[in-house]
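Novice: Before we start, here is the structure in question, set down as structure tokens.
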Number of protein chains: 4
Amino acid sequence: MGIFWKKLKLTQSNLNAIEACGGEIMKISELIQESDWKSEKHVPVVECPDSVKADKFFEVTVAIGKEVAHPNTTAHHICWISLYFLPEGEKFPCQIGKFAFNSHGASVKGPDTSTVYTHHKVTAWMKTSKPGTIIAVSLCNIHGLWQYSKQIKVD
Amino acid sequence: MGIFWKKLKLTQSNLNAIEACGGEIMKISELIQESDWKSEKHVPVVECPDSVKADKFFEVTVAIGKEVAHPNTTAHHICWISLYFLPEGEKFPCQIGKFAFNSHGASVKGPDTSTVYTHHKVTAWMKTSKPGTIIAVSLCNIHGLWQYSKQIKVD
Amino acid sequence: MGIFWKKLKLTQSNLNAIEACGGEIMKISELIQESDWKSEKHVPVVECPDSVKADKFFEVTVAIGKEVAHPNTTAHHICWISLYFLPEGEKFPCQIGKFAFNSHGASVKGPDTSTVYTHHKVTAWMKTSKPGTIIAVSLCNIHGLWQYSKQIKVD
Amino acid sequence: MGIFWKKLKLTQSNLNAIEACGGEIMKISELIQESDWKSEKHVPVVECPDSVKADKFFEVTVAIGKEVAHPNTTAHHICWISLYFLPEGEKFPCQIGKFAFNSHGASVKGPDTSTVYTHHKVTAWMKTSKPGTIIAVSLCNIHGLWQYSKQIKVD
């Protein structure tokens, strides 16, 4: 468990906090799911260069349903994708952006009548002088939170 | 003023409401600025096809500073771009999406020290079976709200 | 029309821009509706003190459906309220906040099955040393954008 | 470690995924911090009734800096609070709301010149027929993500 402990950055004090509550503390950390995008439609897959030039804007595209399509209806859809960047060696991530997908067919005639839909895909542009990890988090209105990470190097 | 009246869809009841307040009512409508993007850096220029196929997702790119660059610093930056679509002949617009640009260089070392910046440009995907107007609204943290419109046809 | 012209801060150059497009330019300004909250459920009514102390946080509550209730279902609901403040005599508003209401009953069992709903009401806290106008804008997912303004003085 | 394993809902497959990447996968789950609000200013403390009536809206107030004040300047501030609810026994949380605090003193005169600030506190209203856990997540623009949970019962 030593490797496990270290890789997940868990500390003794976290474990103490959990025990002190005498039971389950549901934390958002425990609820953010991950999986293999080749079989799981919910994964917010990040596509960007593996290596970028320092201080030059580059494209980051995030899409749900890369291999297996995800529904887009008034009752069932992806609400948003949030993008973070953790520079290597640093403690705190910064939020690159938050992209909310707001049209899912609703109109005065009822659900799925407007013909207007926002797709669960976005391209943003960012820059950094430090390598690090790009992390995407997304929300499905009925299947909760999902995450995906990709490391980038800087030339 | 007849043409003016009609083009801006103003009604007698709006004018009555203004007069009844006995003075200036500042409304958000009056505060959303517009201008020529070739000389004004704040305009959220929409780029997308002039004509799209019904019910097929197409790309919409919105960028500030298309001709004249806009600053991106901790003290002065573009906060977000919001995208709407008004189907032709309809009364109510739907919001396609809202894209918040959240990294502007802040870190524990102070303003403009992180090297991480989100550019004020986004590409989204939408579909519709009806022609209409795509409208972008953006917010500069010190220069307020700006808008831009582009009409699209459907094949 | 002189009074009308002045109250709405319209300029000759705006009118020229409209004419130059050769027809209707749909602008977001034209689409943000307003009405009497005593009979119209969509109005985002702002409640806060008429006069506040300089540089001291005060409460601002904004609610839709103050007199006439507004539905809250998966198919029909209020998406968000956005709050702005325009200091008196200044040109640019700042955005106080944006409050998105995200739970409207959706679950894996279908629309209106989760029992979890977010009400279209929010209380925020702000401060200012200058009098001015607080402006609320809200979005109904099928009936579009609505606005309301309230002026505040500073002791 | 058995208790630890179960309380954190970790699975063998998560551990395999980590090992397969041959090193550190930075995940957002690992970056969302928590602490004791009596000494840590960043904690988004949730205040609401311990027990609520089924299907009746109740108030939820979330505030940062409950005991130790948090700065609110153009360079250093709280960006937003996001609220989730996980009904007891269910797998997926729903997002109650997202409240962005957008004014931190910026104006054309520079940082901390507008006198207009949004406080990092919000009151929202929600309802549920099921007991569960309310979870708040917040973002400091330089100190990253923080979380707090509170369980509620239903009469």
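Novice: Every residue in the stretch B:99-152 that is assigned to a strand (DSSP E or B) and among the aliphatic types (A, V, I, L, M), please. Steps first, answer last, please.
Specialist: First, pick out the residues of the stretch B:99-152 that are assigned to a strand (DSSP E or B): B:99-101, B:104, B:107, B:110, B:117-127, B:132-140, B:144-152.
Of everything in the stretch B:99-152, those that are assigned to a strand (DSSP E or B) and among the aliphatic types (A, V, I, L, M) turn out to be B:A100, B:V122, B:A124, B:M126, B:I134, B:I135, B:A136, B:V137, B:L139, B:L145, B:I152.
Novice: Do you know which residues across the stretch D:108-124 are more than 7 Å from chain C (Cβ to nearest Cβ), surrounded by fewer than 22 Cβ atoms within 10 Å (Cβ to Cβ) and touching a strand residue (DSSP E or B) at 6+ places or on another chain (Cβ under 7 Å)?
Specialist: The one that is more than 7 Å from chain C (Cβ to nearest Cβ), surrounded by fewer than 22 Cβ atoms within 10 Å (Cβ to Cβ) and touching a strand residue (DSSP E or B) at 6+ places or on another chain (Cβ under 7 Å): D:T113.
Novice: Working only within the stretch A:27-55, note down all residues that are within 16 Å of A:S82 (Cα to Cα) and within 10 Å of another protein chain (Cβ to nearest Cβ).
Specialist: Step one: list which residues in the stretch A:27-55 are within 16 Å of A:S82 (Cα to Cα), which gives A:28-29, A:31-34, A:42-48.
Hits for the stretch A:27-55 are A:I28, A:S29, A:L31, A:I32, A:Q33, A:E34.
Novice: C:I142 - would you say it is surrounded by 24 or more Cβ atoms within 10 Å (Cβ to Cβ) and either within 16 Å of the chain's Cα centre (by Cα) or within 14 Å of chain B (Cβ to nearest Cβ) (or both)? First the steps, then the outcome.
Specialist: Working: surrounded by 24 or more Cβ atoms within 10 Å (Cβ to Cβ): no; either within 16 Å of the chain's Cα centre (by Cα) or within 14 Å of chain B (Cβ to nearest Cβ) (or both): yes.
So C:I142 does not fit the description; no.
Novice: Here's a follow-up. Being at pLDDT 50 or above, open to solvent by 80 Å² or more (accessible area, probe 1.4 Å) and not in a loop (DSSP other than H, G, I, E, B) is the filter here, so list the residues in the stretch D:13-56 that pass it.
Specialist: If the condition is that a residue be at pLDDT 50 or above, open to solvent by 80 Å² or more (accessible area, probe 1.4 Å) and not in a loop (DSSP other than H, G, I, E, B), then D:E47 is the only one that fits.
Novice: Next up: Among the numbered criteria (1) at pLDDT 95 or above; (2) open to solvent by 50 Å² or more (accessible area, probe 1.4 Å); (3) out of contact with any Gly (no Cβ under 6 Å at 6 or more places or on another chain), which one does D:W5 miss?
Specialist: For D:W5, the exception is condition (1).
Novice: Just to be sure, is A:F92 over 17 Å from C:P111 (Cβ atoms), open to solvent by less than 10 Å² (accessible area, probe 1.4 Å) and at pLDDT 95 or above?
Specialist: It is false that A:F92 is over 17 Å from C:P111 (Cβ atoms), open to solvent by less than 10 Å² (accessible area, probe 1.4 Å) and at pLDDT 95 or above.
Novice: Taking the stretch D:125-139 only, how many residues are more than 7 Å from every other protein chain (Cβ to nearest Cβ) and hydrophobic (A, V, I, L, M, F, W, C)? Full working, then the answer.
Specialist: Within the stretch D:125-139, the first condition is being more than 7 Å from every other protein chain (Cβ to nearest Cβ), and the residues that meet it are D:131-132, D:134, D:136, D:138.
Filter once more, so that each one left must be hydrophobic (A, V, I, L, M, F, W, C): D:134, D:136.
Within the stretch D:125-139, residues that are more than 7 Å from every other protein chain (Cβ to nearest Cβ) and hydrophobic (A, V, I, L, M, F, W, C) number 2.
Novice: Give the residue that is farthest from the other protein chains (Cβ to nearest Cβ), with candidates limited to residues of the stretch C:56-107 that are of a type in the set (S, T, Y) and within 18 Å of B:K27 (Cβ to Cβ).
Specialist: Going residue by residue through the stretch C:56-107, those that are of a type in the set (S, T, Y) are C:61, C:73-74, C:82, C:84, C:103, C:107.
From what is left, the residues that are within 18 Å of B:K27 (Cβ to Cβ) are C:82, C:84.
Working: C:S82: 9, C:Y84: 6 Å.
The extreme case among them is C:S82.
Novice: State yes or no: is B:K127 over 22 Å from A:T74 (Cα atoms), open to solvent by 10 Å² or more (accessible area, probe 1.4 Å) and of a type in the set (D, E, K, R)?
Specialist: Values: over 22 Å from A:T74 (Cα atoms): no; open to solvent by 10 Å² or more (accessible area, probe 1.4 Å): yes; of a type in the set (D, E, K, R): yes.
Considered against the rule, which asks whether it is over 22 Å from A:T74 (Cα atoms), open to solvent by 10 Å² or more (accessible area, probe 1.4 Å) and of a type in the set (D, E, K, R), B:K127 comes out as no.
Novice: Looking at (1) in a loop (DSSP other than H, G, I, E, B); (2) in contact with a Ser or Thr (Cβ under 8 Å, 6 or more places away or on another chain), which one does D:K91 not meet, given that it meets all the others?
Specialist: All conditions are met except number (2).
The values are calculated or read from the model by the stated rules, or taken from the named source; none is laboratory data. What you are looking at is a predicted structure, and each value in this text was computed from that prediction instead of being measured. Because the Cβ atoms are built from the backbone with ideal geometry, glycine has one as well, and the counts that use them run over all protein chains shown. Side chains are part of the model used for accessible areas, which takes the heavy atoms of the whole protein and leaves out ligands, DNA and RNA. Shrake-Rupley method; radii C 1.70, N 1.55, O 1.52, S 1.80 Å.
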